[in-house]
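**Student:** Have a look at this one.
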Amino acid sequence: MTTIAANLQKVQNRIVTACTLAGRDPASVRLLAVSKTFAPAAVRAAHAAGQCAFGENYLQEGVAKIEALADLRGQLEWHCIGPLQSNKTRLVAEHFDWVHSVDRLKIAQRLSDQRPAHLAALQVCLQVNVDGGANKSGVAPQEAVQLAQAVAGLPGLRLRGLMAIPEPAPDFIAQRALFMGAAAVFDQIRAAGVMLDTLSAGMSGDLEAAIAAGSTMVRVGTAIFGAR
Ligand SMILES: *Cc1c(COP(=O)(O)O)cnc(C)c1O
């Protein structure tokens with residue numbers, strides 16, 4: 001077994017254990033393998049071990065990798081999870097299946113307008129700033145319902161949920177509390193009548209706390225591919 005295959009198995013085991021402790025069905029949590037900074041060969045190795053969904057942060061790098069792996073395009077699902085500038089939205093709209101980092105309406109409108117007609121709608125999560133840190137990207141929790149309602153109406157997009165990247169906290173309880181803040185915003189948006197099914201939360205170091213708070217998609221890089 002390659003190291004990547006063995007690491008994937010370990011991460012899957014962590015997901016199952018975390019779900020069991022939380023009284024959740026392990027099938028309710030998807031694994032997104034974050035392949036940023038790793039070569040296409042690493043993605044091939046993960047795919048050979050059964051992994052299909054991959055996340056990229058840096059657009060140029062991500063698009064180059066998608067193109068290098070064009071032979072697998074129908075079998076891979078590509079997620080853009082990095083910060084978005086409005087002059088880069090076209091690359092996302094034309095190459096990716098999902099984007100997790102939409103934090104304002106202008107970006108969403110551009111993605112919708114630029115999504116090629118021959119592709120399925122771009123699957124979208126809104127990034128929510130659960131810490132309230134002024135320098136962090138993400139929509140403020142109190143503005144999230146309004147943004148979700150607007151994005152849900154855009155024809156080139158399909159709103160799926162929220163992404164949260166809280167600061168590391170000192171322990172499990174504190175980390176879970178931050179993720180529960182994201183879960184509360186998720187519930188608020190659903191209570192306002194907007195359909196959501198995805199809470200993108202949790203990374204290599206904190207996926208257990210995220211799953212305890214209701215995450216449905218963990219984004220894991222280091223624990224699969226190694227240190228960057
Ligand atoms: C890099 C990154 C990850 C993966 O982080 P690891 O700690 O390596 O698992 C997840 N989400 C986002 C947004 C990232 O930038």
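**Student:** On the basis of being in contact with a Ser or Thr (Cβ under 6 Å, 6 or more places away or on another chain), charged (D, E, K, R) and open to solvent by 70 Å² or more (accessible area, probe 1.4 Å), does Arg228 make the cut?
**Tutor:** Taking the combined requirement at face value, the residue satisfies it.
Condition check ((1) within 16 Å of the ligand (Cβ to nearest atom); (2) at positive phi; (3) not in a strand (DSSP E or B)) across all residues:
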{"position": "Lys10", "(1), (2), (3)": "yes, no, yes"}
{"position": "Thr17", "(1), (2), (3)": "no, no, yes"}
{"position": "Thr20", "(1), (2), (3)": "no, no, yes"}
{"position": "Ala45", "(1), (2), (3)": "no, no, yes"}
{"position": "Gly55", "(1), (2), (3)": "yes, no, no"}
{"position": "Ile66", "(1), (2), (3)": "no, no, yes"}
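**Student:** Quick one: count up the residues across region 77-125 that are away from the ligand (no atom under 16 Å from the Cβ), open to solvent by less than 60 Å² (accessible area, probe 1.4 Å) and of a type in the set (Lys, Arg).
**Tutor:** Of the residues in that region, 1 qualify.
**Student:** Something else about it: Which of the residues belonging to region 147-172 are open to solvent by 50 Å² or more (accessible area, probe 1.4 Å) and closer than 16 Å to Val130 by Cα?
**Tutor:** Answer for region 147-172, where residues must be open to solvent by 50 Å² or more (accessible area, probe 1.4 Å) and closer than 16 Å to Val130 by Cα: Ile165, Glu167, Pro168.
**Student:** Taking region 154-171 on its own, how many of its residues are farther than 30 Å from Asp113 by Cβ and away from the ligand (no atom under 16 Å from the Cβ)?
**Tutor:** The number of residues fulfilling the criteria is 2.
**Student:** Filter region 194-208 down to residues that are more than 9 Å from the ligand (Cβ to nearest atom) and without any contact (Cβ under 8 Å) to a residue 40 or more places away in the chain and give me whichever is most open to solvent (accessible area, probe 1.4 Å).
**Tutor:** Asp197
**Student:** Do you know which of the residues in region 209-228 that are among the hydrophobic types (A, V, I, L, M, F, W, C), in contact (Cβ under 8 Å) with a residue 24 or more places away in the chain and more than 18 Å from Ser101 (Cα to Cα) is nearest to the ligand (Cβ to nearest atom)?
**Tutor:** Ala223
**Student:** Can you find a residue that is without any contact (Cβ under 8 Å) to a residue 60 or more places away in the chain, in contact with a Pro (Cβ under 9 Å, 6 or more places away or on another chain) and not charged (D, E, K, R) anywhere in region 109-116?
**Tutor:** Among the residues of region 109-116, at least one is without any contact (Cβ under 8 Å) to a residue 60 or more places away in the chain, in contact with a Pro (Cβ under 9 Å, 6 or more places away or on another chain) and not charged (D, E, K, R), which makes the answer yes.
**Student:** Shifting gears a bit: (1) out of contact with any helix residue (DSSP H, G or I) (no Cβ under 6 Å at 6 or more places or on another chain); (2) surrounded by fewer than 21 Cβ atoms within 10 Å (Cβ to Cβ); (3) of a type outside the set (Asp, Glu): which one isn't true of Arg219, the others all being true?
**Tutor:** With (1) out of contact with any helix residue (DSSP H, G or I) (no Cβ under 6 Å at 6 or more places or on another chain); (2) surrounded by fewer than 21 Cβ atoms within 10 Å (Cβ to Cβ); (3) of a type outside the set (Asp, Glu) applied to Arg219, the lone miss is (2).
**Student:** Out of the residues in region 60-85 that are small (Gly, Ala, Ser) and within 19 Å of the chain's Cα centre (by Cα), state the one that is farthest from Ala46 (Cα to Cα).
**Tutor:** Once the filter is applied, the top-ranked residue is Gly82.
The values are calculated or read from the model by the stated rules, or taken from the named source; none is laboratory data. Everything quoted here is computed from the prediction, not taken from an experiment. Positions of Cβ are generated from backbone atoms using ideal geometry, with glycine treated the same way; all protein chains shown enter the neighbour counts. Each accessible area value is taken on the protein alone, full model and side chains, heavy atoms only, with ligands, DNA and RNA left out. Shrake-Rupley method; radii C 1.70, N 1.55, O 1.52, S 1.80 Å.
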